[in-house]
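The values are calculated or read from the model by the stated rules, or taken from the named source; none is laboratory data. What you are looking at is a predicted structure, and each value in this text was computed from that prediction instead of being measured. Glycine gets a Cβ as well: all are built from the backbone with ideal geometry, and neighbour counts include every protein chain shown. Areas reflect the complete protein model, heavy atoms only, side chains present, ligands, DNA and RNA absent. Shrake-Rupley method; radii C 1.70, N 1.55, O 1.52, S 1.80 Å.
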Amino acid sequence: MKLTFNWLKEKSGVDWSVEEMEDRLTRSGTAGVAHKINPDHFKEVVVGQVTKLDKHPNADKLLVTEVNTGDATHTIICGAPNCAVGQKVVVALPGANLKGEFKVKEIKMRGVESAGMICAEDELGLSDDHSGIMVLDDEAPLGRPVFDYLALDDAVIDFEITPNRPDCLSAVGVAREIAVLAQKDFIVKIDEPKEVDKKASDYIKVVIDDPDGCPRYTARIIENITIGESPWWLRKRLLNCGIRPINNIVDITNYVMLETGHPLHAFDYDRFGSKEVIVRRARAGEKFITLDNQEHELDDSILLITNGEKGVAAAGVMGGLESEVENETTTILLEAAYFNPTVIRRSSQKLGISSESSYRFERGVDPNGVVAAADRTAALMAELAGGRVLAGVVDNYPKKISPVKIELRPEQVKRILGADIPVLFMEKTLRGLGLEVETGSALKTLAPTNRPDLVREIDLVEEIARIYGLDKIPTARQNGGPLFTPSHRRDTIKEDLRRILNGFGFEETLSSGMAHAGRLERVDSTLDPIKVTNQLSDEFAAMRTRILYSLLVSTGNNIRHRNIDINIFEIGRVYLKEKSGPVEPTYLGLLMTGQTEDVYWKSQAAPSDLFEVKGIVEAVADSLGLNSPVLKAIAIPGYDKHYSYEVLIDDQKVGSVGQVDKKVARLFDIKQNCLAAELHVEKLIELYQGLKEYKPLPKFPASSRDIAVIVDLSVPAAKIREAIIASGGELLESVKIFDLFIGEAVPEGKKSLAFGINFRSAEKTLEDEEVDKTHGQIVAHLEKSFNARLRE
Amino acid sequence: MDIAEQLQKIGQTAREEMSAADSADVLEKLRVHYLGKKGELTSILRGLKDLSREEKREVGGQANKLKTELDRIIEDRREELSSAISIDSSFDFTLPGRPRHYGHRHLVTIVMDQINGIFQRMGFEIADGPDIESDYYNFEALNFPPDHPARDEQDTFYVEGGSLLRTHTSGVQIREFEKRKPPVKIIAPGKVFRNEAVNARSYCVFHQVEGFYVDENVTFGDLKGVLEAFCYEFFQESVQLRFRPSFFPFTEPSAEVDVRCFLCNGKGCSLCKHEGWLEILGCGMIDPEVFKAVGYDSDKVTGYAFGIGVERPALLKHRVNDIRLLFENDIRFIKQFR
Ligand SMILES: [Zn+2]
């Protein structure tokens, strides 16, 4: 909401600079940012009068004018259709620098010299109106700088008003804040219109069918008005406050709304259609055209102002097209009402319309300020539109809303704020804010109805705090609380995992957790994702069921930027549907593609393969103190079914490893081979078996033997290794596979596998004969079980 | 010349000759000359047997010491001579070392870890709640009445089944209050969601650290103390703070905290949008309605709560001008932060 500095100064009677006003208000909860009009942009811009008007000899649409600026006459070419002899206009003379971006010079236009420019509002930066030149009042003195004449020495303050402070959505409300902060008395001037003898009640009746939705509705009648343009001061205020001037009647209602915070609506009385206002809920299916010419189908959540027959306004939101004020309007039916905030909020949401009016009603206007706002509006209509105000306000107020009693214990202020604030200051502040205060050991107060946020003691504590100044509350220098706060494995394991993966050269990524429903389905069609019902776009339509999805998105983004060698990981939640409701297990996902490591001049980098990922998974398990993972081939969605594995630790499923299905990868613009793993973090926590007991270091040296066997290609290396362990007896300490060979030296359909075996005894140094004997047993066993042949 | 003098003389010449030896052959000859079976030093050692016990001990010690010394000199010189021969003229140490790549945490993690760490050192315990949250924990119990404009400030994503994606981690307050009795001193870091258009300044997901402390006699002054300490530590410089009253349904009084723009020092610049201040967090004293919802007695305890957005200070600190960079996960971006 925008208000102007001069307006606030005038209303509050406090003589602060713009900067002080901005700062003090911001520090007390009425955050505002001030923008000043730059006087340099109005240099050489003066009031002039058009004294002569001729058609341009060489251009149909241009006019050649003579403009008098008091001490001189200038020939100026103008293209505006509304230019006429006698008008007072805004003249920019050569040397002017409009908006700081357009320098005015003497120029020749199609053979005729032009010594300046007659300006439209947009050219001056006053509004975006370019329909014609700006026409000033007849009294405007010739030659007077426009900056002075229009009183542009002002600043617009753009406020961010919190939803609890509807009273501050007005000049009066903000001015009251200023006065309280300056410790000055604040007086609201009351403007009562002169009334004529005719009674408004003979012209209109008000019936309220839904007192909960509409606790109060008042009507006034103003006749004999002439629709026209509002005076500049009024248009200027509206423009500065971001409201487009329309005509004097609409402008007045908007102006009073900005001034008092009270939305008003002016109907054309003659087009209203009856002499009775009936406020009721809309009927299901009832149709209504708002004044922006949109037809709406209504239901009973919408409060409707009707003429007894049909709707004339969506209460508190927007008026109807049929009873809108037009150029021919002469009699106004002025509505000033109090509507239930919740009802207006629902209406506004249902209609999809948020207006200045609904914005204020849904936050709560002052039910007891209704008549004053109507009076002020009627008085202005008399003054500025020639209106005659009929006697009396037709006031239907079935649900009286009264000020709220609140007790404030001064010691409570100290208890909450930790500051010693004098009781006298509290009293003064509350009175300044419009509360009635009765002193005693507790302050007995009555909170005014323009402050619906003041209901409880704590609400008053807040008022004291913000007017006193939060900066003045003493800052504690000590820290209280429990003696000890534990850390949780749920948190620390993530730190550990990051360190481990960083150590292996992986970069951490972070994603929204939301997914494109279609692509997610292609990654894993077996998991039905939780869908977002009001999604922002297709990219954020479902919650991810697999961390793999996010890794693929990140990989795709990188490959698009030509980062093709990628080692990334992400730790985050996936979202799964369970009968009991959503569950959110945390996963560690990692993905490798491209080269495994940085270019090094000494060696050739190799493309990543599944063994790289397997190695990482094994190392992760080891570094968390878990037993070695076992990978079991099984088709898992998202992975190529030939290269897809379940990860088991202690026979429990903890995740998966695989080569990303090429068809899936392509959905993310990835054409290169991707290897991935997903590990369920909570499972990893569960599997940890605690501290291990120390194993004494061996006292005697080990003996080692290598063994190379040729077996069928189909025999898994792990099976042979298991067989070696099984036949190696007690002396066997460890077995490592150190070579795989397939090729010329080996028969077709066969492979050669080489194992390095360590033997050791806990009791003595082994003799060669003992080792050879065991070695022989192993060879015999392999020959028998796998039809293996020793490779020499 | 007595034996001691002889030893000294042998030592001196031997040292000089050995250091000057320019080949392994010369060195070997010198070794034989001094330390061989018939070498000078060896003969002296052999002659010791004719001396008295006392002399034997003294001179013997010196002679043995010299022998050890000369052995070492020969060995060192031999090493020098052989390495001089084997110097590899192709050795070029301007070639890069073997790349040992240490990966990077995500910038959000880095900043989140910093924030968590500071508050953990001040005695806050970490707690967490679900991302998919009920209206009750996200709004109702936090004193957001249904159909209240305060809900507009937090554009909410809803999911099937009537739940929503939490718009703040403040719901963890309620979950923890339900489980514990005061004193409760907790931070709740996590991901939060807002149904806002994605552009350079806003994203539909961000991270937040919510903190709260409920105990007897907790005041707004305590809140100020904790947040000031946090800011001093986090920004690593003496920042100037501004507590600006604001509105949150679950705290009263409520405030937003701004720091003096550290780029322009308050003069106004594009970073602070010419306001001189940067908004970094929201806070306040926990509203009695919240205590009522969880069965705490607001006449017995008071408490404060604060919520810090993680992305904003992360971006401010590194002058990143587009929040989307955080979620695009371009590794060239990720690698810039430690
Ligand atoms: Zn700045």
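Loop only per DSSP, at most 11 neighbouring Cβ atoms within 10 Å: give me the chymotrypsin sites (Phe, Trp or Tyr not before Pro) in region A:674-746, ordered by residue number. Can you show the working numbers first?
Details: sites: A:Tyr688, A:Tyr694, A:Phe738, A:Phe741; in loops: A:Tyr688, A:Tyr694.
Counting only loop positions with at most 11 other Cβ atoms within 10 Å, the chymotrypsin sites (Phe, Trp or Tyr not before Pro) in region A:674-746 are A:Tyr694.
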Next item on the list: Determine, for each peptide in A:214-227, A:394-407, the mean count of other beta carbons within 10 angstrom over its residues, then list the peptides with the highest first.
Entry: A:214-227, A:394-407
Item checked: Probe 1.4 Å, accessible area per residue of region B:3-83, Å² -> 69 Å²
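In whole angstrom, how long is each semi-axis of the equivalent ellipsoid of region A:73-211, when you take the square root of 5 times every eigenvalue of its Cα gyration tensor and sort them from largest down? Don't skip to the end; give the middle numbers.
Details: eigenvalues 385, 118, 54 Å².
Result for region A:73-211: semi-axes of 44, 24, 16 Å.
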Item checked: Cα pair distances of the protein assembly as shown binned at 20 Å [whole percent] -> 9, 26, 28, 18, 10, 6, 2, 0
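Which value, in square angstrom to the nearest 100, describes the accessible area buried between chains A and B on both sides, using a 1.4 angstrom probe?
Details: alone 40980 and 19540 Å², together 53160 Å².
Interface between A and B: roughly 7400 Å².
Using the beta-carbon distance between B:Lys267 and B:Asn199 and R0 = 30 Å, what value does 1/(1 + (r/R0)^6) give for FRET efficiency, to the nearest 0.05? Numbers along the way, then the final one.
Details: r = 27 Å, r/R0 = 0.91.
Efficiency, rounded to the nearest 0.05: 0.65.
Note down the net charge around B:Val111, summing +1 for each Lys or Arg and -1 for each Asp or Glu among other residues with Cβ under 10 Å from its Cβ.
Values: positive: B:Arg105, B:Arg312, B:Lys317; negative: B:Asp113, B:Glu311.
Counting the neighbours of B:Val111, the net charge comes to +1.
Per residue, how much accessible area does region B:107-334 show when a 1.4 Å probe rolls over the protein heavy atoms, in square angstrom?
Details: 7710 Å² over 228 residues.
Roughly 34 Å² per residue, with all protein chains present.
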Item checked: Alpha-carbon centroid distance for the pair region A:274-334 / region A:523-550, whole angstrom -> 43 Å
Note to self: I want to make sure I understand the PRE zone here: with the label point 7 angstrom from the Cα of A:Glu383 toward its beta carbon, which residues in region A:157-194 have backbone N atoms less than 16 Å away?
What the structure shows: A:171-172, A:188-194
Check: What's the Cα-based Rg to Rh of region A:1-108, Rh via Kirkwood?
Finding: 1.18
Next item on the list: Calculate the radius of gyration of the Cα atoms of region B:236-307 to one decimal place, then report Dmax, the largest Cα-Cα distance, as a whole number, both in Å.
Entry: 15.9, 48
Check: In chain B, which cysteines lack any other cysteine Cβ under 4.7 Å from their own?
Finding: B:Cys204, B:Cys231, B:Cys283
Check: What's the FRET efficiency of A:Glu748 with A:Lys719 using the Cβ-Cβ distance as r and R₀ = 22 Å, to the nearest 0.05?
Finding: 0.55
Checklist line | Cα Rg, Dmax (largest Cα-Cα span) when computed across region A:323-467, Å | finding: 20.2, 63
Note to self: List the lysines whose Cα sits under 27 Å from the Cα of A:Lys52, skipping any in the same chain fewer than 8 residues away.
What the structure shows: A:Lys43, A:Lys61, A:Lys88, A:Lys103, A:Lys105, A:Lys108
Checklist line | Viscosity 0.890 mPa s, temperature 25 °C, Stokes-Einstein D of region B:281-338 from Kirkwood C-alpha radius, µm²/s | finding: 168 µm²/s
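What's the ranking of A:102-114, A:529-541, B:260-272 by average number of surrounding C-beta atoms within 10 Å, highest first?
A:529-541, B:260-272, A:102-114
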Checklist line | Threshold 30 Å², region A:513-537 residues less accessible with all protein chains present than alone (1.4 Å probe) | finding: A:Met514, A:Ile530, A:Lys531, A:Thr533, A:Asn534, A:Leu536
Next item on the list: As a check on your grasp of the helix formula, calculate [θ] at 222 nm for the protein assembly as shown: sum -39500 (n - 2.57) over DSSP H runs of n ≥ 4, divide by the residue count, round to the nearest 500.
Entry: -9500 deg cm²/dmol
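Give me the net charge of A:Val33's neighbourhood, meaning all other residues with Cβ under 9 Å from the Cβ of A:Val33; Lys, Arg count +1, Asp, Glu -1. Can you show the working numbers first?
On the way: positive: B:Lys273; negative: A:Glu22, A:Asp158, A:Glu160, B:Glu275.
With Lys, Arg at +1 and Asp, Glu at -1, the net is -3.
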Next item on the list: Return one quarter of the surface area of the convex hull spanned by the alpha-carbon atoms of chain B, equal to its mean projected area, in nm².
Entry: 34.3 nm²
Check: With each label point set 7 Å from Cα along the Cα-Cβ vector, what nm distance links B:Gln336 and B:Glu69?
Finding: 6.4 nm
Notebook entry, point to check: Nearest 10 degrees, 0 to 90: what angle lies between the long axis of helix B:3-20 and the longest principal axis of chain B (Cα atoms)?
Noted result: 60 degrees
Note to self: Show me, for region B:123-139, the HN-Hα J-couplings you get by feeding each phi into the Karplus relation (A = 6.51, B = -1.76, C = 1.60, θ = phi - 60°), rounded to Hz, glycine and proline as x.
What the structure shows: x, 8, 9, 8, 10, 8, x, x, 6, 8, 10, 8, 4, 4, 6, 7, 10
Next item on the list: May I ask you to list the aspartates and glutamates whose Cα is less than 19 Å away from that of A:Lys531, ignoring any residue fewer than eight positions away on the same chain?
Entry: A:Glu521, A:Glu539, A:Glu578, A:Glu584, B:Asp131, B:Glu133, B:Asp135, B:Asp155, B:Glu160, B:Glu196
Check: Cα to Cα, under 16 Å, and not fewer than 8 places away if on the same chain: which aspartates and glutamates meet these conditions relative to A:Lys751?
Finding: A:Asp712, A:Asp739, A:Glu783, A:Glu792
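In the structure shown, do any of A:Lys9/A:Lys428; A:Lys11/A:Lys205; A:Lys350/A:Lys399; A:Lys699/A:Lys736; A:Lys632/A:Lys683 have a Cα-Cα gap over 28 Å, and if so which? Kindly include the intermediate steps, with their values, before the conclusion.
Numbers: A:Lys9/A:Lys428 21 Å; A:Lys11/A:Lys205 35 Å; A:Lys350/A:Lys399 25 Å; A:Lys699/A:Lys736 22 Å; A:Lys632/A:Lys683 17 Å.
Beyond 28 Å: A:Lys11/A:Lys205.
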Check: What ratio of Cα Rg to 2.2 N^0.38 Å holds for region B:187-327?
Finding: 1.13
Next item on the list: Name the residues of region B:91-106, by number, that are at least 30 Å² less accessible with every protein chain in place than in the isolated chain; the surface is that of heavy atoms, probe 1.4 Å, without ligands or nucleic acids.
Entry: B:Leu95, B:Pro96, B:Arg98, B:Pro99, B:His101, B:Tyr102, B:Gly103, B:His104, B:Arg105, B:His106
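What whole-number value in cubic angstrom gives the convex hull volume per residue for the C-alpha atoms of region A:366-407? Each step should come with its number before you reach the end.
Working: hull volume 3.4 nm³, N = 42.
Residue-normalised Cα hull volume stands at 80 Å³.
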Margin query: For region A:24-68, place one equal point scatterer on every Cα, skip the solvent, and apply the Debye formula. What is log10 of I(q)/I(0) at q = 0.14, 0.20, 0.33 Å⁻¹?
Written below: -0.62, -0.81, -1.08
Check: Once phi is turned into ³J(HN,Hα) by the Karplus curve 6.51 cos²θ - 1.76 cosθ + 1.60 with θ = phi - 60°, what whole-Hz value does each residue of region A:353-363 show in order, with x for glycine and proline?
Finding: 10, 10, 10, 3, 5, 5, 4, 7, 4, 6, 8
Check: Hey, rough spin-label estimate for A:Lys400 and B:Glu178, points 7 angstrom out along Cα→Cβ, what's it come to in nanometres?
Finding: 4.4 nm
Next item on the list: Calculate the radius of gyration of the Cα atoms of region B:3-83 to one decimal place, then report Dmax, the largest Cα-Cα distance, as a whole number, both in Å.
Entry: 13.4, 46
Check: On a 0 to 90 degree scale, rounded to 10, what angle separates helix A:341-351 from the longest Cα axis of chain A?
Finding: 70 degrees
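Residues of chain A: accessible area per residue at 1.4 Å, in Å²?
47 Å²
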Checklist line | By average C-beta atoms within 10 angstrom, highest first, the peptides A:673-686, A:131-144 | finding: A:673-686, A:131-144
Check: For B:155-162, what's the mean count of beta carbons from other chains sitting within 10 Å of each residue's beta carbon?
Finding: 5
Check: Quick one: Kirkwood hydrodynamic radius for region A:481-535, alpha-carbon pairs, angstrom, one decimal?
Finding: 15.2 Å
Next item on the list: For every other residue with a beta carbon closer than 12 angstrom to the beta carbon of A:Tyr600, add +1 if it is Lys or Arg and -1 if Asp or Glu, then tell me the sum.
Entry: +1
Next item on the list: With 10 Å bins from zero, work out the P(r) of region A:491-578 over every alpha carbon pair and list the percent per bin.
Entry: 17, 42, 31, 10, 0
Notebook entry, point to check: In sequence order, what are the phi-derived ³J(HN,Hα) couplings for region A:269-278 according to the Karplus relation 6.51 cos²θ - 1.76 cosθ + 1.60 with θ = phi - 60°, rounded to whole Hz, with x for glycine and proline?
Noted result: 4, 5, 9, 5, x, 6, 10, 9, 9, 10
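When Cβ neighbours within 10 Å are restricted to other protein chains, what is their mean count per residue of peptide A:499-509? Present the calculation step by step, with values, prior to reporting the outcome.
On the way: counts 3, 1, 2, 5, 4, 3, 6, 4, 12, 11, 7.
The shielding value for this peptide is 5.
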Notebook entry, point to check: Percent relative contact order of region B:3-83, based on C-alpha pairs within less than 8 angstrom and at least six residues apart?
Noted result: 41 percent
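Would you mind telling me the share, in percent, of accessible area of chain A contributed by carbon and sulfur at probe 1.4 angstrom? Can you show the working numbers first?
Details: 18140 of 37240 Å².
The nonpolar share, carbon plus sulfur, comes to 49 percent.
Can you list the trypsin sites (Lys or Arg not before Pro) in region A:587-651 that are in a DSSP coil and have 13 or fewer other beta carbons within 10 angstrom? Don't jump to the answer; show the numbers that get you there.
On the way: sites: A:Lys602, A:Lys614, A:Lys632, A:Lys641; in loops: A:Lys602.
Here the trypsin sites (Lys or Arg not before Pro) that fit, given the DSSP loop and packing criteria, are A:Lys602.
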